[in-house]
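Read-outs: derived from the displayed coordinates by stated rules, not from any lab. This one's a predicted model, so the numbers in the text were calculated from it and none came from an experiment. Cβ coordinates were reconstructed from backbone atoms using ideal geometry, including for glycine residues, and neighbour counts include every protein chain displayed.
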Amino acid sequence: MPSLIINDQDVRTEAPPGEVLLDLIREERRLTGTKEACREGECGACTVLVGTPGPTGVTYRACASCLLPIGDVEGCHVVTVEGLGVESLTVVQRLIVEHSASQCGFCTPGIVLSLTGFCLASETLCHEDALDALDGNICRCTGYAPIRAAARGLSEDLRGRVAGKPKRVEALVEAGVLPRYFLDIPGRLRSLATRPAAGRPGKDEVLVAGGTDLFVQKPEELREAPLAFLSRRRDLDYVTTHADSVRVGGAVTIEEFRTSPEVLRHFPTMKSDLVLHSSAILRNKATLTGNIVNASPVGDATIILLALGARLVIEGVDGAVRETPLSGFFTGYKKMALSCGELVREIVIPFLGSALFNFEKVSNRVTLDIAAVNTALRLQTAPDGAIADLRVSAGGVAPVPLLIGGLERYHGRKADEATGAAVAQVVAEAVTPIDDIRGSAVYKRLLLGQLVKAHFAVITDGRALR
Amino acid sequence: MKNVDLTLHVRGLSQFVDDIPVHGDCLHAVLFTSPVARGKIRSLDTGRAAAAPGVVAVFTHRDVPGLNQVGHIFKDQPLFAVESLEYIGQPIALVVAQTRRAAQRAARLITVDLEKLDAVFDPREAAARGMIHGQKRVLTSGDTTAAFDRCAHVVQGKLSSGPQEHFYFETQRALALPGEHDTIKVCASAQAPGAFHRHLAEVLGIPQHKVELDIRRLGGGFGGKESTAVWIVAPALAAFLLKRPVKLVLGRNEDIATTGKRHAYQYDYKIGLDAGGNILAYEVDLYQHAGACADISPAVLGRSFLHASGSYRIPNIRVTAVSCRTNIPPNNAFRGFGVPQGTFAIESALTHAAESMGVDAATLKQRNLLQDGDSLPYGARPEKVNALRCWAALDEQVDLAKRHREVADYNQAHGDTKRGLAVLPVCFGISFAQTALNQASALVHIYVDGSVAVSTGAVEMGQGVNTKIQIVAARTLGVGVDRVRVDTTNTSRIPNASPTSASTGADLNGMATKFACEELRSRLTKFAAAHLGCEHPDRVELRDEAVTIEGRRTDLGWQKLVAAAQWARIDLSSHAFYATPALDLDPSTERGRPFAYYSYGTSLTTVLLDVTRGTYTIEAIDVVHDVGQTLSEAIDRGQVEGAVIQGMGWATIEQSRYAPDGRVLTAVLLHALRAVRKDRPLPSLPLTPEQVFMYLHGP
């Protein structure tokens, strides 16, 4: 019987752990401010904040409640729009009103929550972070100009007042972004029936990582199914630096990975590269390992990690651990070298060091869309500027995410436009794309070649093409 | 003044249909629909569904007490299929159960034995076979054949423009509550109170006075909730038969897969200009991809047809238009109502001509813009033409020549990226082209405590019409806006209302409100004059919540005045009616004055192309739009900004596609293909241009 706090109410529910939070909120709790508009995490109308207790306090993240099983928020604080602006409008709400950043109003509660999530999660409270936080909220009425303006106003208002202060929740209560009852939540969560520390999933249990794809695919089956949640594996929630690599625990979300100082120290483009992965409300739940074991031939994180030469640490049913390079992990369309009961417990990513890295993705919509083609490049040059090591990955052009082989022949060549064109040709010839909704085989092959040329243009120019 | 709903929206307190608390045990209805684009039902088995857990009833066409018909213009759309199936998604049966989940599960148990028939998905093929809705329309002005002979430049070509999913955030839905004496109340997300009211009564087989349709607000409409009554009538039928509350809420995929979209069009065009770049002749044939039923398509086509000349002076023109009957879900109204399609053809033709002549398209467009004294192809002579003024205002803001030069310089200097820009004027006739629809009424009550309630036929869907009506009432009565509340749109208070559409909502309903308030004001000032012993009632006014005589404030405040008037048995309630004057269009000659006035605008779009990757970024959009004397700048600005991005979506990333079997592909993919669930691209914040400059243009 899951128990949690919704807004300022303790809630115990009879609903199965696999029921999505949105249904609990709207149907059982009758909190109708949270809207259902797609049930696929694609529109942001059902965005809520999930506050998870941890050693450093309660961490709040904006999530799509339509893909979030109740079992996964057990022992957490869930905030809906009704939990904000209890006595008077919060700063976020006031700015949306001031800028007329709402018309029909159906998407507005989600936008209020995403912007409040930005206030809680962004370290610097800069405008760019505010826009990133909104990238999962579609508005069909306003055309976004006033939403953009409200976000700018919010960032300007809070940067001086809140950024840099040690206790974010307290500072936001003081600033009028959060109501006062937030201050009591950590204590109340502690006295709530404890969050069960899960061990390994049971035999019949379905292991849910972020659930952001699983709950799109089969919400009905999962509703009644016995579930185990990767988010409970606190032992897998880490990003650490070792002598030659960054090690990422299996429970780390895309957003944690993307914004981790450890990651950014060694892979500075990761923050912007993974914005293209998915929207904030999904990045906050989706895990890096989930993206890999989804085995999509075009997964962004997979393609990036392939080029970076990542390795997987896999935990067996008996607790035994083995290590395998990511490049050998995918064995066929949606097939991988992972047996039943095995779990990817860690991803090991060798430092970039002095190597150059670039990620390219083209899809119909610039961001948040499945790529037609994506590709990453890791290039190490010798002191004389010649290529010492070259890795190129490509997605959407074969049944599996590909690491292109046979590029050793370019070792010793200069990393310039001419080499880029030659590599582009080799890569384009190495792939086997098919015609589908995202483009024809001819287009994808051409595009991949162009993107490889773009890799070389970016790394030789030292500038990103727009 | 801003939209009054804003403070509710940000707190999640605005009530939409699915948020209305329902007493008792509300049932949930789910439609079972056609799996084939064309076929014949041999037999239908609903037995297993009816016996499924939680199911209360399964209804088919046999259960319809009245007319099994929801056709909007023609009676060609059965509520439930009888024998013939005309598109994938056509309703066949309605499953009603205790929960939505139970109804959905049971609907999957229905089986239909059918004969599959060949379907048509190509509008040109449909037209060639004579499969059209209504008649082919032909509009001729001048003599194009003779004029083409005099042209120095003639270009021709074929074009097509794609469909567009409305993606109103609130999907189609209604809640039906049965009452005594076989009455029924329906709360719906609907743009057309009058028409849907009539559909409800017809299907239920009861007089309209037994049906109450109530509309608080819509979570977006954009035309998609104007004409197709299926999702409102179906739950009402169930509630009426079962005598229990029934709700129907379409899931997103159901909505995408089974509801109408903006019409795709195909076009054949030919345009001729003289050596000086003046348009002499234009011919265009419009093929509208309408789908299986006429729905509102002929009306949409009519607007494309009447706007075929765009913002331009075209002395010789010939336009033909057919609404093609194909086996896809019937398409319907979408923001612009056919005008974007009509405009697209002439803009493309002119751009084609400019390229062929080697001149700048913007220059060619500017030269041919409508001016006072010009005639439109249907004979109307627009007055106070603002096309050139809008163009000039934009030029003043952005310096078009400088922008052109900058783009040329940039492209000279850059190989891997290129810039481009386009200037586009718009001229949009305001009024329903169907003259009869240009009517509205308002009912205004003043209560003894001084509060004012206004009812009109206008439907609030985020466009702020209720706020505008509130402003009109407050200004006319001389009270603060907080005194006035605009009530729900309700057929028991306002009968026979036209849809809120065609940019007429505030015009028509605002005028009716003004008239009703003027009547009340006149009664109150007359009473006040007598009450205050003033011999000149014409010098008495209501201003700032008080009675004034010759501009001087008296002690008689609004609240006191109202209470005293009521005690003196003055009627504090008024109904008024407005019909736009001097409108007509003769369908036999296609001549007349269908529009009261025209709204003009000009936009400049700047695009950056990435030549390496084959991608583009829309860097900025500058728009000048003529909004006349605005009732609320914040609201009008929001309308224009929203429309710009919606139009950008239509022209760029929004692609509704159909599978070879006529299925709406997006939904199929969402269900069937794991990896492509994000293939529903809509403009999202990161995609929209950072700079949208809006200059509203007053009189």
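Here are some notes:
- As a proxy for reagent exposure, ranking B:ILE232, A:ILE314 by other Cβ atoms within 10 Å from fewest up yields A:ILE314, B:ILE232.
- Segment A:297-357 versus segment B:206-285: alpha-carbon centroid distance in Å: 49
- Convex hull projection area averaged over all views, segment B:59-115, Cα basis, nm²: 4.9
- Partners of B:LYS468 within straight-line reach, counting lysines whose Cα lies under 17 Å from its Cα and excluding those fewer than 8 residues away in the same chain: B:LYS2, B:LYS514.
- Net charge, A:PRO69 excluded, C-beta distance under 9 Å - Lys, Arg +1, Asp, Glu -1: -1
- Under 17 Å from B:LYS384, Cα to Cα: aspartates and glutamates that are on another chain or at least 8 residues apart: B:ASP372, B:ASP374, B:ASP626
- Coupling constants for segment A:327-332 follow from the phi torsions by the Karplus curve (6.51 cos²θ - 1.76 cosθ + 1.60, θ = phi - 60°), and in residue order they are 5, x, 7, 8, 10, x Hz; glycine and proline get x.
- Long-range amide H partners of B:TYR598 with built H, under 5 Å: B:ILE430
- Per-selection metrics, segment B:439-579 (Cα): Rg and Dmax in Å: 15.2, 48
- A Stokes-Einstein calculation at 4 °C with viscosity 1.567 mPa s, built on the Kirkwood radius of segment A:234-461 over Cα pairs, returns a diffusion coefficient of 73 µm²/s.
- Rg/Rh, computed from the Cα trace of chain A with Rh as the Kirkwood radius, has the value 0.98.
- In order through segment B:389-401: 3J(HN,Hα) via Karplus (6.51 cos²θ - 1.76 cosθ + 1.60), integer Hz, x for Gly, Pro: 5, 5, 4, 5, 5, 5, 4, 4, 6, 10, 6, 4, 4
- Neighbour net charge for B:THR500 - beta-carbon separation under 10 angstrom, K R +1, D E -1: -1
- In nm, spacing of pseudo-spin labels at B:LYS243 and B:ALA275 (7 Å Cα→C-beta vector): 8.6
- For B:LYS526, the aspartates and glutamates whose Cα falls under 15 Å of its own Cα, not counting residues fewer than eight places away in the same chain, are B:GLU518, B:GLU535, B:ASP538, B:GLU541, B:GLU550, B:ASP571.
- Rounded Å value of the spacing that divides the Cα centres of segment B:504-573 and segment A:405-435: 83
- Which of A:CYS107, B:CYS26, B:CYS390 has the fewest Cβ neighbours within 10 Å, and the rest in rising order: B:CYS26, B:CYS390, A:CYS107
- The mean sequence separation of alpha-carbon pairs under 8 Å and at least six residues apart, normalised by the residue count of segment B:71-177, gives a relative contact order of 9 percent.
- Applying 1/(1 + (r/R0)^6) with r as the Cβ-Cβ distance of B:ALA436 and B:GLN629 and R0 = 25 angstrom yields a FRET efficiency of 0.35.
- Sites A:ARG161 and A:THR56 - FRET efficiency at Förster radius 35 Å, r taken between beta-carbons, to 0.05: 0.95
- Looking at segment B:114-243 alone, DSSP beta bridges between its own residues are antiparallel in about 55 percent of cases.
- Look at where the Cα atoms of segment A:81-152 and of segment B:410-439 average out, and the two centres are 30 Å apart.
- In segment A:234-461, lysine pairs with alpha-carbon atoms under 24 angstrom apart (chain gap of 8 or more, or interchain): 14
- Each Lys or Arg adds one and each Asp or Glu subtracts one; over the other residues with Cβ under 15 Å from the Cβ of B:GLU212, this totals +1.
- Whether segment A:195-350 is rounded, prolate or oblate, judged on the alpha carbon gyration tensor where a/c under 1.5 counts as rounded: rounded
- For segment A:3-191, alpha-carbon Rg over 2.2 N^0.38 Å: 0.96
- FRET efficiency for B:TYR597 and B:ALA392, using Cβ-Cβ distance with R0 set to 22 Å, rounded to 0.05: 0.65
- √(5λ) per eigenvalue of the Cα gyration tensor, the protein assembly as shown, largest first, Å: 49, 38, 32
- Taking amide hydrogens as placed 1.01 Å from N in the peptide plane, the amide H of A:LEU356 sits under 5 Å from those of A:LEU379, A:GLN380, A:THR381, each at least 5 positions away in sequence or on another chain.
- Going from the fewest other Cβ atoms within 10 Å to the most, the residues A:ARG39, B:ARG521 appear in the order B:ARG521, A:ARG39.
- In order along segment A:250-255, the Karplus-derived 3J(HN,Hα) couplings, from 6.51 cos²θ - 1.76 cosθ + 1.60 at θ = phi - 60°, round to x, 9, 6, 7, 4, 5 Hz, and Gly and Pro are given as x.
- For the listed residue pairs A:LYS35/B:LYS243; B:LYS75/B:LYS225; B:LYS225/B:LYS261; B:LYS158/B:LYS270, the alpha carbons are over 20 angstrom apart in A:LYS35/B:LYS243.
- For the peptides A:24-30, B:149-155, B:103-109, the ranking by mean Cβ contacts within 10 Å, running from highest to lowest, is B:103-109, A:24-30, B:149-155.
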